[in-house]
């Protein structure tokens, strides 16, 4: 077992998985724990968070589940306080959150637009707001935001694309403003990842083939491949990487520039 995060405390938002298999949040939580971290597995679905925590414990790692709604600032504050109460510190905040509407602009309601921004940007803002206070005091920390290729190569969902673009801007702000406190902030620009959430769309062979043809590597990524990049950026191996918006997309963005 590696130990890049030995005894560190890491909050993984969206740590549960919807459906069978492993999603990005669960894969990252497992990877952090496998390298020695104590992980607070946070999800709005309490049972999903508990499943991830049990999987970590079963493999010899240390984890606790926590249920929180990212739209609720009190819950975001409580998430940070729970990490401090249980583990005595906070080293990494991994913001794996995201919702969309799957609607074109003319079919998107204002309520759908607002909800997408509330989760994808507002929730991350609230978590960072409370985590930054702790990280400033310890003069060290990492924030890792999960963004999307939709931010730079807009997909049909305008609310999702615009909100992830805003998340990229927030990432750059945090990196610039809080780097002086030895707090690094980066984002992963995810492409097509083979998760339980995405898989139903690819049951349609036409959609699957269209998506695959867009990716130079001609395959989808696994959640474990996302976790490999996430653990690198969160570790001291990336100690001089701050403000990066790193594509994890098999070359998809490069093929369409």
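The values are calculated or read from the model by the stated rules, or taken from the named source; none is laboratory data. From a predicted model like this one, the values you see are computed outputs, not experimental measurements. Cβ: placed from backbone, ideal geometry, glycine included. Neighbour counts: every protein chain shown.
Given 219, 213, which one is under 30 Å from residue 93 (Cα atoms) and either loosely packed, with under 15 Cβ neighbours inside 10 Å or at pLDDT below 85 (or both)?
Values: 213 fails: under 30 Å from residue 93 (Cα atoms).
Going through 219, 213 in turn, the sole match is 219.
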**Report entry** Considering residues of the stretch 139-150 that are touching a helix residue (DSSP H, G or I) at 6+ places or on another chain (Cβ under 6 Å) and touching a residue at least 60 places away in the same chain (Cβ under 8 Å) only, the residue nearest to residue 89 (Cα to Cα)
**Finding:** 142
Requested in this report: Could you check, for the stretch 142-149, whether at least one of its residues is assigned to a helix (DSSP H, G or I) and on the phi < 0 side of the Ramachandran plot?
Outcome: yes
Query raised in the report: Can you find even one residue in the stretch 191-207 that is part of a loop (DSSP other than H, G, I, E, B), in contact with a helix residue (DSSP H, G or I) (Cβ under 7 Å, 6 or more places away or on another chain) and either modelled with pLDDT of 85 or more or on the phi > 0 side of the Ramachandran plot (or both)?
Result: yes
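Report yes if residue 131 is in a helix (DSSP H, G or I) and either within 20 Å of the chain's Cα centre (by Cα) or within 19 Å of residue 171 (Cβ to Cβ) (or both), otherwise no. Break it down into steps so the answer makes sense when it comes.
Numbers: in a helix (DSSP H, G or I): yes; either within 20 Å of the chain's Cα centre (by Cα) or within 19 Å of residue 171 (Cβ to Cβ) (or both): yes.
Considered against the rule, which asks whether it is in a helix (DSSP H, G or I) and either within 20 Å of the chain's Cα centre (by Cα) or within 19 Å of residue 171 (Cβ to Cβ) (or both), residue 131 comes out as yes.
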Query raised in the report: Taking the stated definitions as given, is residue 74 crowded, with 24+ Cβ neighbours inside 10 Å and either without any contact (Cβ under 8 Å) to a residue 24 or more places away in the chain or farther than 25 Å from residue 172 by Cβ (or both)?
Result: no
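Select, from 31, 9, the only residue that is within 15 Å of the chain's Cα centre (by Cα) and touching a residue at least 60 places away in the same chain (Cβ under 8 Å). Spell out how you get there, then give the answer.
Numbers: 9 fails: within 15 Å of the chain's Cα centre (by Cα).
Result of the check over 31, 9: 31.
Restricted to the stretch 141-150, and to residues that are touching a strand residue (DSSP E or B) at 6+ places or on another chain (Cβ under 7 Å) and more than 17 Å from residue 232 (Cβ to Cβ), which residue is surrounded by the most Cβ atoms within 10 Å (Cβ to Cβ)? Steps first, please.
Narrowing the stretch 141-150 to residues touching a strand residue (DSSP E or B) at 6+ places or on another chain (Cβ under 7 Å): 141-149.
Retained after the next criterion (residues that are more than 17 Å from residue 232 (Cβ to Cβ)): 148-149.
Working: 148: 26, 149: 21.
Applying the filter and picking the extreme gives 148.
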Report summary line: The correct count of residues that are part of a helix (DSSP H, G or I) and either over 30 Å from residue 88 (Cβ atoms) or more than 19 Å from the chain's Cα centre (by Cα) (or both) in the stretch 151-184 is 19
Query raised in the report: Considering the stretch 24-65 alone, what residues qualify as being surrounded by fewer than 24 Cβ atoms within 10 Å (Cβ to Cβ), in a loop (DSSP other than H, G, I, E, B) and at negative phi?
Result: 35, 44, 45, 59, 61
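Could you please find all residues in the stretch 186-210 being exposed (fewer than 14 other Cβ atoms within 10 Å of the Cβ) and over 22 Å from residue 162 (Cβ atoms)?
At the first step, the residues of the stretch 186-210 found to be exposed (fewer than 14 other Cβ atoms within 10 Å of the Cβ) are 200-201, 203-207, 209-210.
200, 203, 204, 205, 206, 207, 209, 210, listed by residue number.
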Requested in this report: Inspect the stretch 103-121 for any residue being crowded, with 18+ Cβ neighbours inside 10 Å, at pLDDT 95 or above, touching a strand residue (DSSP E or B) at 6+ places or on another chain (Cβ under 7 Å) and within 26 Å of residue 189 (Cα to Cα) and give the result as yes or no.
Outcome: no
Requested in this report: For the stretch 203-226, enumerate the residues that are over 21 Å from the mean Cα position of the chain (by Cα) and under 16 Å from residue 249 (Cβ atoms).
Outcome: 210, 211, 212, 213, 214, 215, 216, 217, 218, 219
